[in-house]
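I have placed the structure first, in the form of structure tokens, so that the comments after it can refer back to it.
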Amino acid sequence: MSSPVASVVASRLLNDLSLRRTEFGDDACDSLRAKLLHLGAVHPLLVRDPAATAASSIDEELVDVLSNGTRCAVLDVTSPLSPADVDEYGRVCSEGDFDCVVAVGGGATLDAAKLIALRASNDMPTLSLLDGSCDPNSIPIIAIPTTAGSGSEATHFAVLFVGEVKHSISHPTLRPSVSIIDPSLIVSVPQRVAVAAGLDVLCQSIESLWSRRADRKSLTYASEALRLVVPNLRPAVMDADSDAQAALCLASHLAGQAINRSFTTICHALSYLITARYGVPHGLAAASTLPASLLFNCDRRLPANSPSTRAGDMDRCLQELKSCFNRDSIEAITRDIVLLIRSIGGAASVFELGLPTDYQPVEHAEKFNPERLRNNPRRATPDDIVGILRQTFDHDGCAKA
């Protein structure tokens with residue numbers, strides 16, 4: 001359980017940033033009652049990760065809050081949904097005439113709830129929604145994350161995998177009407193899940209800062225997120241420090257607010273094949289290219305005869321990184337990031353992931369998701385990408401030649 005001081009600080013920051021859709025503090029179900037009343041929702045659908053809600057002991061309380069005379073309807077989501085799953089669950093949602101979707105779980109569960117609501121609002125197959133040419137989602141979404149990681153409760157897009165190909169379905173109405181951030185819900189998260197989620201926060205914060213689509217608000221959100229995640233990541237994940245966990249929950253939400261505006265960049269673009277093909281958790285996959293991508297975006301360690309030029313402005317990002325890590329050089333900052341990633345059991349390079357021998361950086365470079373790469377501050381050639389995927393670091397975190 002987070003301390004009262006942590007909750008007060010978080011509430012003050014959310015108020016200063018005008019994030020009025022967000023409730024922060026323990027006892028998520030108490031907040032949920034008031035938000036349902038405010039929305040006028042009397043027939044909600046609960047989309048949950050059953051393992052997460054059972055581990056945090058809120059299953060019965062959730063069902064009790066959401067029931068109105070008769071027991072509420074529940075959809076259990078245990079893994080990312082396929083297009084066929086979304087079609088089926090969307091039909092259930094539409095035919096049930098639900099007036100609100102309450103999503104409780106990690107990023108995959110929150111994304112699933114968004115897709116279900118959107119599909120229920122559109123009389124077309126899920127695969128037809130990929131280009132974003134669809135009717136608005138007409139069902140309010142209340143999102144309650146049980147991990148400090150994806151930030152999905154703050155964004156207007158949802159991830160859908162079709163085989164190994166990752167798609168991001170975007171629509172302004174996919175952004176939840178209400179986000180309830182309850183630090184007590186992440187206490188029971190397995191450490192391996194907490195590690196992956198925390199590394200995703202780190203990546204989102206930094207990528208949002210250097211994104212070509214960054215604006216004044218996203219830069220503010222990302223800066224605040226970075227200042228919270230850097231000192232609190234290890235004590236939250238490894239020591240289960242309650243105040244650090246509360247800070248990481250807030251960092252996750254702010255990073256989500258940031259990428260909602262700026263979108264992500266090269267680390268996320270390169271992560272999807274690793275996750276889809278080899279089952280590496282998303283946050284671990286993204287973080288494995290973060291140090292090398294930082295060096296690349298700062299014009300360090302260019303491949304021989306590389307024609308690449310910096311296409312964006314890294315000054316704000318470097319300013320924030322230098323302040324957070326109290327370092328003067330990009331090399332020193334990169335070393336600290338490598339050591340931070342390793343300190344919680346993450347991989348600071350693709351090599352450290354220990355992928356099977358059939359993994360080939362050249363093939364990966366040919367198949368990466370170009371959508372997010374367009375936001376990167378530097379244009380990257382296939383050779384540049386291979387160089388990032390092959391970059392390794394020594395015991396002290398220094399880049400190897």
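One Cα centroid belongs to the range 107-128, the other to the range 32-54; the line between them spans 17 Å.
Axis angle, to the nearest 10 degrees, between helix 216-238 and the longest C-alpha principal axis of the chain: 90 degrees. Net length available on complete extension from Cys398 to Glu164 is 81.0 nm, with 0.36 nm assigned per residue and the Cα-Cα distance removed. Entry note, the range 327-401: relative contact order of 44 percent, from Cα contacts under 8 Å with a spacing of 6+ residues.
If you wrap the tightest convex hull around every Cα atom of the range 338-397 and split its volume per residue, you get 111 Å³. Rounded to the nearest 20 debye, the dipole magnitude of the chain is 1260 debye, with +1 charges on Lys and Arg beta carbons, -1 on Asp and Glu beta carbons, and the Cα centre as origin.
Largest GNM mean-square fluctuation across Pro125, Pro176, Pro140, computed for the chain with C-alpha springs under 10 Å, falls on Pro125.
The figure for Glu331 is an accessible area of roughly 80 square angstrom, using a 1.4 Å probe on the protein chains alone. Each Cα pair under 8 Å and six or more residues apart adds its separation to the average, and for the range 164-299 the resulting relative contact order is 32 percent. Relative to the longest principal axis of the Cα atoms of the chain, the long axis of helix 191-210 lies at roughly 70 degrees. In this structure the amide hydrogen of Ile58, modeled in the peptide plane, comes within under 5 Å of no amide hydrogen from residues 5 or more places off or on another chain. Take every Cα pair under 8 Å whose residues are at least 6 apart in sequence, average their separation, divide by the length of the chain, and the relative contact order is 15 percent. Within the assembled protein chains, the solvent-accessible surface assigned to Val201 is about 0 Å², based on a 1.4 Å probe. Per 10 Å bin, what is the whole-percent P(r) computed from every C-alpha pair distance within the range 68-133? Using 10 Å bins, I get a P(r) of 21, 54, 22, 3 for the range 68-133.
Counting Cα-Cα pairs of the range 203-272 in 5 Å increments starting at 0 gives whole-percent bin shares of 4, 21, 26, 19, 16, 10, 3, 0. Applying the Karplus relation 6.51 cos²θ - 1.76 cosθ + 1.60 with θ = phi - 60° to the range 343-348 yields 3J(HN,Hα) values of 5, 10, x, x, 10, 8 Hz, where x marks Gly and Pro. For the range 139-202, the convex hull spanned by the alpha carbon atoms encloses 110 Å³ per residue. Listed values for the range 27-35 are Karplus-derived 3J(HN,Hα) couplings in whole Hz (6.51 cos²θ - 1.76 cosθ + 1.60, θ = phi - 60°), namely 6, 4, 5, 5, 5, 4, 3, 5, 5, and x replaces Gly and Pro.
For the chain, the longest principal axis of the alpha carbon atoms and the long axis of helix 242-262 meet at an angle near 80°. Probing with 1.4 Å while keeping every protein chain in the model, the per residue accessible area of the chain equals 40 Å².
Near Leu75, the amide H atoms lying under 5 Å from its own belong to Leu46, Val47, Arg48; only residues 5 or more places off or on other chains count, and H is placed 1.01 Å from N.
Among the protein heavy atoms of the chain, carbon and sulfur supply 49% of the accessible surface, probe 1.4 Å, non-protein parts ignored. Building the convex hull from the alpha-carbon atoms of the chain and averaging its projection over directions returns 18.4 nm².
3J(HN,Hα) couplings calculated from phi for the range 324-329 with the Karplus curve 6.51 cos²θ - 1.76 cosθ + 1.60 (θ = phi - 60°) are, in sequence order, 5, 9, 6, 10, 9, 10 Hz; Gly and Pro show x. At full extension, Asp215 and Asn326 could sit 37.5 nm farther apart than now, given 0.36 nm per residue minus the alpha carbon distance.
The values are calculated or read from the model by the stated rules, or taken from the named source; none is laboratory data. For clarity, every value in this text was computed on a predicted model and none was experimentally measured. So basically every Cβ, Gly included, is an ideal-geometry build from the backbone, and we count neighbours across all protein chains shown. For the accessible areas, the whole protein counts, side chains as well, though only heavy atoms, and no ligand, DNA or RNA atoms are used. Shrake-Rupley method; radii C 1.70, N 1.55, O 1.52, S 1.80 Å.
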